[in-house]
1. Using a/c under 1.5 as the rounded threshold, could you call the range 1-53 rounded, prolate or oblate? The axes a ≥ b ≥ c are square roots of the C-alpha gyration tensor eigenvalues, and prolate needs a/b larger than b/c, oblate otherwise.
2. Beyond a 29 Å Cα-Cα separation, which of these cross-linked pairs lie in this structure: 18/48; 36/56; 23/61?
3. Between residue 39 and residues 5 or more places away or on another chain, which pairs have amide H atoms under 5 Å apart, with H built 1.01 Å from N, and which residues are they?
4. Give me the accessible area per residue for the chain, probe 1.4 Å, as a whole number in Å².
5. For the chain, take the longest principal axis of its alpha carbons; what is the angle in degrees between that and the long axis of helix 55-93, to the nearest 10 within 0 to 90?
6. List the trypsin sites (Lys or Arg not before Pro) within the range 1-58 that fall in a DSSP loop (any state other than H, G, I, E or B) and whose Cβ has at most 16 other Cβ atoms within 10 Å.
7. Going Cα to Cα from residue 88, which aspartates and glutamates come in below 16 Å? Please leave out same-chain ones fewer than 8 positions away.
8. Could you give the angle, 0 to 90 degrees to the nearest 10, between helix 40-53's Cα long axis and the longest principal axis of the Cα atoms of the chain?
Amino acid sequence: MKFTTTLTKVCTNCGIEKEVSEKYFARDKRSKYGFKSTCKECNKIYRKQHYQDHKKDIREKQNKYLHQYYQEHREKILEYKKQHYLIKKGESNLF
Ligand SMILES: [Zn+2]
């Protein structure tokens, strides 16, 4: 038997009634229906806006994180680069 009743939900941000499915709402375990109260479309806009507003902060954080990541995985990265380089070198020798 198929579950045919379509559950709809009004997005708290844009006020548009949308089908409660992963197509329109992002999953959220903490919320009542298991989906976020705002639709995906609004989340996308919000994230974009949030990014615009915090672009500098985000970039700084990312740089910090990357720097930290590099520090922590330097050996692995260097090893990977070395191997990658050797493979590439090996390939080019074939021709
Ligand atoms: Zn919306």
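The values are calculated or read from the model by the stated rules, or taken from the named source; none is laboratory data. Bear in mind that the values here come from a model prediction, so they are computed numbers and not experimental data. Note: ideal-geometry Cβ built from the backbone for every residue, glycine included; neighbour counts use all protein chains shown. Quick note on the areas: whole protein, heavy atoms, side chains included, nothing else; ligands and nucleic acids left out. Shrake-Rupley method; radii C 1.70, N 1.55, O 1.52, S 1.80 Å.
1. Details: a/c = 2.62, a/b = 2.11, b/c = 1.24.
It is prolate, given that a/c is not under 1.5 and a/b is the larger ratio.
2. In this structure, 23/61 lie more than 29 Å apart at Cα.
3. Long-range HN contacts for residue 39: 12, 13, 14.
4. Working: 9100 Å² over 95 residues.
It amounts to 96 Å² per residue over the chain.
5. 50
6. Of the trypsin sites (Lys or Arg not before Pro), the ones in loops of the range 1-58 whose Cβ has at most 16 other Cβ atoms within 10 Å are 2, 23, 29, 30, 32.
7. Within reach: 79.
8. Tilt of helix 40-53: around 50 degrees.
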